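Sharing a structure below in structure tokens format, with a few things to ask.
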Ligand code: AMP
């Protein structure tokens, strides 16, 4: 496995490649969820490149950019064991040589301003911009993203469509701990007690799915009760919504494919999760 710490090295390697390449973009501090993306990428392409870059453009001013866990050595070891061809771990100056204030950006309208985008203004601009740049740097035929970050996945799908980018987007199901908590690098911020409470987030989504999948109950009041239940369990709910998957607009009674999305704080840690399901006749 090769480690590229700069863009020039990566480009030199890329020019020599004749086989297909799948990219798995990450911010590092890898867990089994990330590694499952690698396994899936290997099923599509001959070679897998994983990028590890904590992207300052997608963090808000008061967010955890400085404290975000950076574990490059352990990450590289795990990726080498998983059969990855290359790791691209650039410096911020390599990615944003002119500085963030004057960087050309990519805006995916509408979907970027709702849900997580409403609470984290500019977040999806940062995500779309770095992913587009990584596509141009690595030039993969495939790129793999986790359904755990469902809105991010759909933002990227729309960006690829709008800009006619020659990359197939593959999605991987959310990898969970045995108690149901979606694996996340941010789970490491949870105290022992918060970690015990955290699985209730997904348990609540599963419970709401049961109420909503036959379409008889009033979605608005089911969601209100769900949010109230999470509050009682100790969460500070940012949003709990039922949306249609393609553009994450509010689901109507005619939509059969649905996704429940939640963001909630435990202490200072913001957790997100989602559950896709089809309305049963
Ligand atoms: P991150 O390092 O958090 O930016 O995540 C990098 C990629 O891994 C994104 O496509 C995420 O959606 C994906 N990912 C993170 N956690 C999980 C998980 N528990 N299951 C599946 N994919 C995940």
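The values are calculated or read from the model by the stated rules, or taken from the named source; none is laboratory data. These numbers come from a predicted model, not from an experiment. Here the Cβ is made from the backbone with ideal geometry for all residues, glycine too, and neighbour counts use every protein chain on show.
Tally time: how many residues in segment 36-59 are out of contact with any strand residue (DSSP E or B) (no Cβ under 8 Å at 6 or more places or on another chain) and farther than 17 Å from residue 96 by Cα?
2
Further question: Of all residues in segment 73-94, which are outside any loop (DSSP other than H, G, I, E, B), surrounded by 15 or more Cβ atoms within 10 Å (Cβ to Cβ) and within 22 Å of the chain's Cα centre (by Cα)?
Scanning segment 73-94 gives 75, 76, 78, 79, 86, 87, 88.
Applying the selection to segment 240-263, what residues are within 16 Å of the chain's Cα centre (by Cα) and in contact (Cβ under 8 Å) with a residue 60 or more places away in the chain?
245, 246, 247, 248, 259, 261, 262, 263
Give me the pairs: first residue in segment 166-189 and without any contact (Cβ under 8 Å) to a residue 60 or more places away in the chain and on the phi > 0 side of the Ramachandran plot, second residue more than 9 Å from the ligand (Cβ to nearest atom) and in a loop (DSSP other than H, G, I, E, B), beta-carbon distance under 7 Å, and six or more apart or on different chains, which are they?
These pairs meet every condition: 180/199.
Quick test for you: out of 267, 226, pick the one residue that is under 28 Å from residue 113 (Cβ atoms) and buried (at least 18 other Cβ atoms within 10 Å of the Cβ).
Exactly one of 267, 226 is under 28 Å from residue 113 (Cβ atoms) and buried (at least 18 other Cβ atoms within 10 Å of the Cβ), namely 226.
Looking only at segment 37-49, how many residues end up being more than 9 Å from the ligand (Cβ to nearest atom), in contact (Cβ under 8 Å) with a residue 40 or more places away in the chain and either in a helix (DSSP H, G or I) or surrounded by 24 or more Cβ atoms within 10 Å (Cβ to Cβ) (or both)?
Within segment 37-49, residues that are more than 9 Å from the ligand (Cβ to nearest atom), in contact (Cβ under 8 Å) with a residue 40 or more places away in the chain and either in a helix (DSSP H, G or I) or surrounded by 24 or more Cβ atoms within 10 Å (Cβ to Cβ) (or both) number 7.
Here is a follow-up. State all residues of segment 8-36 that are more than 16 Å from the ligand (Cβ to nearest atom) and under 21 Å from residue 171 (Cβ atoms); if no residue qualifies, say none.
Those that are more than 16 Å from the ligand (Cβ to nearest atom) and under 21 Å from residue 171 (Cβ atoms): 20, 21.
Quick check: anything in segment 175-193 under 19 Å from residue 265 (Cα atoms), crowded, with 19+ Cβ neighbours inside 10 Å, at pLDDT 95 or above and more than 16 Å from the ligand (Cβ to nearest atom)?
no
To continue, here is another question. Mind counting the residues in segment 194-223 that are surrounded by 16 or more Cβ atoms within 10 Å (Cβ to Cβ) and outside any helix (DSSP H, G or I)?
2
Is it fair to say residue 152 is farther than 30 Å from residue 16 by Cα, out of contact with any helix residue (DSSP H, G or I) (no Cβ under 8 Å at 6 or more places or on another chain) and either at pLDDT 95 or above or surrounded by fewer than 20 Cβ atoms within 10 Å (Cβ to Cβ) (or both)?
Against the criterion (farther than 30 Å from residue 16 by Cα, out of contact with any helix residue (DSSP H, G or I) (no Cβ under 8 Å at 6 or more places or on another chain) and either at pLDDT 95 or above or surrounded by fewer than 20 Cβ atoms within 10 Å (Cβ to Cβ) (or both)), residue 152 does not qualify.
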